[in-house]
Amino acid sequence: MAFGGTRGLMQRWEPVLGAVALFLMLLSAAAAQEPSGAACSQNTNRTCEECLKNVSCLWCHTNKACVDYPVSRVLPPSSLCQLSSARWGVCWVNFEALIITLSVVGGAILLAVAVCCACCCCGRRRSRKPDKGEEKAAREREERRIRQEERRAEMKSRHDEIRKKYGLFKEENPYARFENN
């Protein structure tokens, strides 16, 4: 099973998926707009849907006014329409909710990037300096290797003694037996 389980993973991605769905809806609404030849003021006192068929229009819900979106500014000024009643793209999302949602999603993305960077940097620092457990394991490995070499040398000397006893020991110079010393 994945970390945190499938249910936890889905709960973690719900806000992001909601924001992506909202963005796609706004994008599809903008793609299906009528040409901007019609003036937005003609749709005043009609419905929000009729006003927002034109992508350059902004619907003010409080006074049912359809106005040209002020493209020179990112957000419409409060003198034109309050953010809580301004609609653009789709009628069910106001600018206030859109700003809050995008801020939360953006903050979550920045936080996730910062956490990932911190984990990567801390992970590298830990890997450079071995911890106590790793040092202990290396020490024990070295002690086992030394004991094994000692046992190997002891066994070799025992085997050599047995070979000498029975005349099976191979000397370095096989002609040394024939020399008269």
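Could you please report the charge total around residue 143, scoring K, R as +1 and D, E as -1 over all other residues with beta-carbon less than 13 angstrom from its beta-carbon?
Charge balance in the 13 Å sphere: +2.
Placing unit charges on C-beta atoms (Lys and Arg positive, Asp and Glu negative, everything else neutral), compute the dipole magnitude of segment 44-114 about its Cα centre in debye, rounded to 20.
Value, rounded to 20: 80 debye.
By how many nm would the segment from residue 146 to residue 104 grow when fully extended, if each residue of separation counts as 0.36 nm and the alpha-carbon distance is taken off?
Going from the current span to full extension adds 9.1 nm.
Could you please put 64, 164 in sequence from largest to smallest accessible area, using a 1.4 Å probe?
Descending accessible area places them as 164, 64.
Just subtract the alpha-carbon distance of residue 92 and residue 160 from 0.36 nm times their residue separation and send over the number in nm, one decimal.
Taking residue 92 through residue 160 to full extension adds about 15.1 nm, to one decimal.
With each label point set 7 Å from Cα along the Cα-Cβ vector, what nm distance links residue 84 and residue 72?
It works out to 2.9 nm between the two label points.
What distance in nm lies between label points placed 7 Å from Cα along the C-beta direction at residue 135 and residue 119?
2.8 nm
Run the reach check for residue 164 against lysines, Cα to Cα strictly under 30 Å, same-chain hits fewer than 8 apart removed. What comes back?
156
Can you tell me the dipole magnitude for segment 128-168 around its Cα centre, using point charges on the Cβ only (Lys, Arg +1; Asp, Glu -1), in Debye to the nearest 20?
The dipole magnitude comes to about 100 debye.
The values are calculated or read from the model by the stated rules, or taken from the named source; none is laboratory data. Owing to the predicted nature of the structure, the values given are computational and were not obtained by experimental measurement. Note: ideal-geometry Cβ built from the backbone for every residue, glycine included; neighbour counts use all protein chains shown. Please note that ligands, DNA and RNA were not included when accessible areas were found on the heavy atoms of the full protein model with its side chains. Shrake-Rupley method; radii C 1.70, N 1.55, O 1.52, S 1.80 Å.
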